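**Q** One structure, as structure tokens, below. Some questions next.
The values are calculated or read from the model by the stated rules, or taken from the named source; none is laboratory data. Just so it is clear, the structure is predicted and the values come from calculations on it, not from any experiment. No Cβ is skipped: glycine too gets one built from the backbone with ideal geometry, and neighbour counts run over all protein chains shown.
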Amino acid sequence: MRLAVACGSLGCLFPLLTSAEFSIFVDGASTVFSEPVPITLYEDDLEGGEYPESGHHAMTFNHMEMGVGFNGFELAYFAREDYAFDFSEQTFELIYRDKNQLPIAEDRSYDVYLKAQHIKAEGWRLGYRFEFAPRGSLRISFNYLKADELLYGTLAGEVTVDDGDINGGNLAVLYYYHEEYLLGRRVDEPASGIGYSADLEMDVELVEGLFLTAKFHDIIGEIHWDRAPYSDLRIASTHTYYDEEGYAHRDPMMTGREGYKNFKQPLPLHYELNFKKSLAYGFHLAYAREQYDKVAFNRLILGYSLLSVVELQAGYDFTTEATWLGVSAKGFLLQFAADDFRLDDSRALALRIAAYWRF
């Protein structure tokens with residue numbers, strides 16, 4: 001999970017790699033975060049559980065790579081999968097009530113907004129690390145991505161409720177997909193995507209005892225989809241009819257188009273900033289800020305160096321209310337975070353692991 005801790009992944013190991021002529025490394029990270037409901041509820045299609053809390057975001061971003069380094073150059077094979085959902089509270093309320101067959105509040109207008117993005121890709125990363133002894137290092141990477149399972153788009157508008165049913169409103173829908181979720185359109189030609197991105201990472205001692213680790217992933221980047229299936233729709237309650245008892249009803253009428261066209265999917269910027277200050281008796285204190293798309297995470301981490309061999313970490317994330325725990329040694333890093341260690345009730349989970357072997 002790409003939720004940063006005191007320092008991030010292989011960024012913590014940069015000083016250890018500077019003298020390596022040849023190395024093999026593994027770097028994995030995964031984050032899951034949901035504001036309205038526990039993570040496990042999504043596995044049950046939002047059925048059951050307690051009523052949603054306020055919130056506008058649900059996401060997961062995951063990355064795993066394996067590679068080799070030689071004289072500053074790095075070549076790695078990676079796989080990544082991200083989901084990011086932004087929504088209004090009223091939209092999530094409507095979805096939850098529908099999934100659980102709960103009555104909808106009457107005589108009310110709901111503002112509807114949902115933005116969805118899915119990135120599933122694999123590819124190659126080519127990077128080069130510049131060493132600025134004794135102060136730190138800078139790494140520039142270029143990534144080639146081959147993607148599938150397209151989902152990118154928005155739904156926005158408003159709906160009105162009367163007698164417990166949605167009977168009016170206007171909605172605009174524009175989204176690209178590999179599977180049509182709204183109308184069940186059959187997709188005969190799934191899209192294929194090729195993309196690129198660039199990363200910048202820095203690890204530097206600003207002044208004696210004060211260190212900065214900075215990572216900027218997907219500074220520039222997009223996926224080019226060839227003949228992507230899409231739907232561009234307008235849904236409005238404009239058709240009126242009368243039943244046998246003379247009551248008027250309005251049915252939704254949909255207009256729009258469906259088809260295929262080339263599409264460029266932008267990749268969201270993901271960055272991490274970590275300031276670490278050395279303290280007395282082997283302790284250090286770090287402030288970390290990380291942002292993925294529209295969600296920013298802020299945390300404090302306290303670390304302790306045990307016999308200058310093993311470092312223990314403990315901290316707290318103020319955005320997710322998660323407790324962070326970690327351990328690192330030469331060539332190895334493991335970090336875990338959760339807001340509730342019963343896990344079934346957790347809304348935030350993070351796991352990071354990194355290792356390298358030097359020859």
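**Q** Would you pick out the residues in segment 80-130 that are under 30 Å from PHE22 (Cα atoms) and aromatic (Phe, Trp, Tyr)?
**A** TRP124, TYR128, PHE130
**Q** What are the pairs with Cβ atoms under 6 angstrom where one residue, in segment 304-327, is free of Cβ contacts under 8 Å to residues at least 40 places away in the same chain and the other, located anywhere, is surrounded by fewer than 16 Cβ atoms within 10 Å (Cβ to Cβ) and not in a strand (DSSP E or B)? Sequence gap at least six, or different chains.
**A** As it stands, the answer is TYR304/GLY282; SER305/GLY282, since those pairs meet every condition given.
**Q** Here's another thing I want to ask about it. Hey, among TYR287, TYR281, which residue is in contact (Cβ under 8 Å) with a residue 12 or more places away in the chain and hydroxyl-bearing (Ser, Thr, Tyr)? Steps first, please.
**A** Numbers: TYR281 fails: in contact (Cβ under 8 Å) with a residue 12 or more places away in the chain.
The conditions single out TYR287.
**Q** Looking at segment 97-112, which of the residues that are under 18 Å from LEU182 (Cβ atoms) and buried (at least 17 other Cβ atoms within 10 Å of the Cβ) is nearest to the chain's Cα centre (by Cα)?
**A** Start the filter on segment 97-112 by keeping residues that are under 18 Å from LEU182 (Cβ atoms), which leaves 98-99, 110, 112.
Within this subset, residues satisfying the condition of being buried (at least 17 other Cβ atoms within 10 Å of the Cβ) are 110, 112.
Values: TYR110: 27, VAL112: 22 Å.
Across segment 97-112, the extreme among qualifying residues is VAL112.
**Q** Here is a follow-up. Can you pull out every residue in segment 328-357 that is part of a strand (DSSP E or B), without any contact (Cβ under 8 Å) to a residue 24 or more places away in the chain and closer than 28 Å to GLU43 by Cβ?
**A** Across segment 328-357, the qualifying residues are LEU334, PHE336, ALA338.
**Q** Okay, next question. Is there any pair linking a residue in segment 37-56 that is within 12 Å of TYR96 (Cβ to Cβ) and hydroxyl-bearing (Ser, Thr, Tyr) to one that is surrounded by 11 or more Cβ atoms within 10 Å (Cβ to Cβ) and modelled with pLDDT of 95 or more, with Cβ under 8 Å and at least six apart or on different chains, and which?
**A** TYR42/SER34; TYR42/ALA58
**Q** Give the residues of segment 49-85 that are aromatic (Phe, Trp, Tyr) and either touching an Asp or Glu at 6+ places or on another chain (Cβ under 8 Å) or part of a loop (DSSP other than H, G, I, E, B) (or both), sorted by residue number.
**A** Result: TYR51, PHE61, PHE70, TYR77, PHE78.
**Q** Please give the number of the condition GLU290 fails out of (1) surrounded by fewer than 18 Cβ atoms within 10 Å (Cβ to Cβ); (2) under 17 Å from THR213 (Cα atoms); (3) acidic (Asp, Glu).
**A** Against the list (1) surrounded by fewer than 18 Cβ atoms within 10 Å (Cβ to Cβ); (2) under 17 Å from THR213 (Cα atoms); (3) acidic (Asp, Glu), GLU290 comes up short only on (1).
**Q** Sticking with this structure for a sec: If we keep just the residues of segment 246-284 that are modelled with pLDDT under 70 and exposed (fewer than 12 other Cβ atoms within 10 Å of the Cβ), which is nearest to the chain's Cα centre (by Cα)? Break it down into steps so the answer makes sense when it comes.
**A** Here is the first cut: in segment 246-284, the residues modelled with pLDDT under 70 are 246-253.
Right, trim to exposed (fewer than 12 other Cβ atoms within 10 Å of the Cβ) and you get 246-248, 251, 253.
Working: GLY246: 51, TYR247: 48, ALA248: 46, ASP251: 37, MET253: 35 Å.
Filtering first and then ranking leaves MET253.
**Q** On to the next question. For segment 57-88: of the residues being under 23 Å from ALA116 (Cβ atoms) and either of a type in the set (Gly, Ala, Ser) or at pLDDT below 95 (or both), which is surrounded by the most Cβ atoms within 10 Å (Cβ to Cβ)?
**A** That would be ALA58.
**Q** Yes or no: segment 314-326 includes at least one residue that is out of contact with any strand residue (DSSP E or B) (no Cβ under 9 Å at 6 or more places or on another chain), surrounded by fewer than 16 Cβ atoms within 10 Å (Cβ to Cβ) and not in a loop (DSSP other than H, G, I, E, B). It would help to see each step written out before you state the result.
**A** First pass over segment 314-326, keeping only residues out of contact with any strand residue (DSSP E or B) (no Cβ under 9 Å at 6 or more places or on another chain): none.
Checked segment 314-326: no residue is out of contact with any strand residue (DSSP E or B) (no Cβ under 9 Å at 6 or more places or on another chain), surrounded by fewer than 16 Cβ atoms within 10 Å (Cβ to Cβ) and not in a loop (DSSP other than H, G, I, E, B).
**Q** Among the residues of segment 132-167 satisfying the criterion of being modelled with pLDDT under 95, within 15 Å of MET202 (Cβ to Cβ) and surrounded by 16 or more Cβ atoms within 10 Å (Cβ to Cβ), which is nearest to the chain's Cα centre (by Cα)?
**A** Ranking the candidates gives SER137 first.
**Q** Looking only at segment 323-340, how many residues end up being closer than 13 Å to PRO38 by Cβ and among the hydrophobic types (A, V, I, L, M, F, W, C)?
**A** Here is the first cut: in segment 323-340, the residues closer than 13 Å to PRO38 by Cβ are 338-340.
Now narrow it down to the ones that are among the hydrophobic types (A, V, I, L, M, F, W, C): 338.
So the answer is 1.
**Q** Next question. Does segment 290-300 include one or more residues that are farther than 30 Å from TYR230 by Cα, out of contact with any Phe, Trp or Tyr (no Cβ under 8 Å at 6 or more places or on another chain) and among the acidic types (Asp, Glu)?
**A** Among the residues of segment 290-300, not one is farther than 30 Å from TYR230 by Cα, out of contact with any Phe, Trp or Tyr (no Cβ under 8 Å at 6 or more places or on another chain) and among the acidic types (Asp, Glu), which makes the answer no.
**Q** Next question. Which ones in segment 94-124 are closer than 15 Å to HIS57 by Cβ and assigned to a helix (DSSP H, G or I)?
**A** Matches in segment 94-124: ILE95 only.
**Q** Sort through VAL309, VAL295 and tell me the only one that's surrounded by fewer than 15 Cβ atoms within 10 Å (Cβ to Cβ) and either modelled with pLDDT under 95 or at negative phi (or both). Walk me through it before giving the result.
**A** Working: VAL295 fails: surrounded by fewer than 15 Cβ atoms within 10 Å (Cβ to Cβ).
Checking each option against the conditions leaves just VAL309.
**Q** Then there's this: Would you point out which residue out of ALA355, ALA350, ALA338, ALA329 is farther than 28 Å from GLY221 by Cα and surrounded by 15 or more Cβ atoms within 10 Å (Cβ to Cβ)? Step through it out loud before you land on a result.
**A** Values: ALA355 fails: farther than 28 Å from GLY221 by Cα; ALA350 fails: farther than 28 Å from GLY221 by Cα; ALA329 fails: surrounded by 15 or more Cβ atoms within 10 Å (Cβ to Cβ).
The conditions single out ALA338.
**Q** Now a separate question. Restricting to segment 29-70, count the residues that are of a type in the set (A, V, I, L, M) and in contact with a Pro (Cβ under 8 Å, 6 or more places away or on another chain).
**A** Count: 2.
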